[in-house]
């Protein structure tokens, strides 16, 4: 699908698209690891592990630093570790997290131009809401769909379709903006336009990710949408 000529809604991914949250995610993970006598993650590992939600992030963290969370040597169950990680992260979601350049301003411009704006993220709902509030995005966003709001999450297209339902906008008049392969896959699966940013946490080479358009800065998005 190409970008709709009359877009009524823009849906953003969060981590790696609107915000650079790797430092705070890594800090929360490393506090948890330290409490269990494990080595810290490197910044490179943190960035590779981001994008699939807290459960997968913690599972990758545990597997990378010793016995996996479902191991037989007394390792705590994954559910317990995920709950502890979320509590650690939620206690300081924006200590070192920053909005990417022009991100807040672009979201505000889209909203002021009459478009509906939402966030569709695999980050849990409450931390997502907290960081959007802390960094000044919240007044310009109509809906937030975290990874635990629905029974499915990216790359399942139903995550994006249910987000659009919150806005009351059909997929043929919507654009998904993200930084990785999951964001573009969910856009294609849901039938929305797909815009890939050139920064963020993609695990595949950007040239291998199919998108309708590519931008180096969110500042380029309004013109791309004809605003």
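Please enumerate the residues belonging to region 132-147 that are in contact (Cβ under 8 Å) with a residue 60 or more places away in the chain and either more than 13 Å from residue 12 (Cβ to Cβ) or not assigned by TED's automatic domain parsing to the domain that holds residue 16 (or both).
Filtering region 132-147 for residues in contact (Cβ under 8 Å) with a residue 60 or more places away in the chain gives 132, 135, 137, 147.
Within region 132-147, 147 is the sole residue that qualifies.
Could you tell me how many of the residues in region 168-177 are in contact with a strand residue (DSSP E or B) (Cβ under 7 Å, 6 or more places away or on another chain) and crowded, with 19+ Cβ neighbours inside 10 Å?
5
Output the residues belonging to region 100-130 that are over 18 Å from the mean Cα position of the chain (by Cα), assigned to a helix (DSSP H, G or I) and surrounded by fewer than 21 Cβ atoms within 10 Å (Cβ to Cβ).
Listed by number, the residues that qualify are 105, 108, 109, 111, 112.
Checking residue 207 against (1) in contact (Cβ under 8 Å) with a residue 12 or more places away in the chain; (2) surrounded by fewer than 17 Cβ atoms within 10 Å (Cβ to Cβ), only one condition comes out false. Which one?
(1)
Is it the case, given these coordinates, that residue 188 is in a helix (DSSP H, G or I), in contact with a strand residue (DSSP E or B) (Cβ under 8 Å, 6 or more places away or on another chain) and under 27 Å from residue 101 (Cα atoms)? I'd like the intermediate steps shown before the answer.
Details: in a helix (DSSP H, G or I): yes; in contact with a strand residue (DSSP E or B) (Cβ under 8 Å, 6 or more places away or on another chain): yes; under 27 Å from residue 101 (Cα atoms): yes.
So residue 188 fits the description; yes.
The values are calculated or read from the model by the stated rules, or taken from the named source; none is laboratory data. Fair warning: this is a prediction, and the values are worked out from it, not measured in the lab. Glycine also receives a Cβ, built like all others from the backbone with ideal geometry; neighbour counts cover every protein chain displayed.
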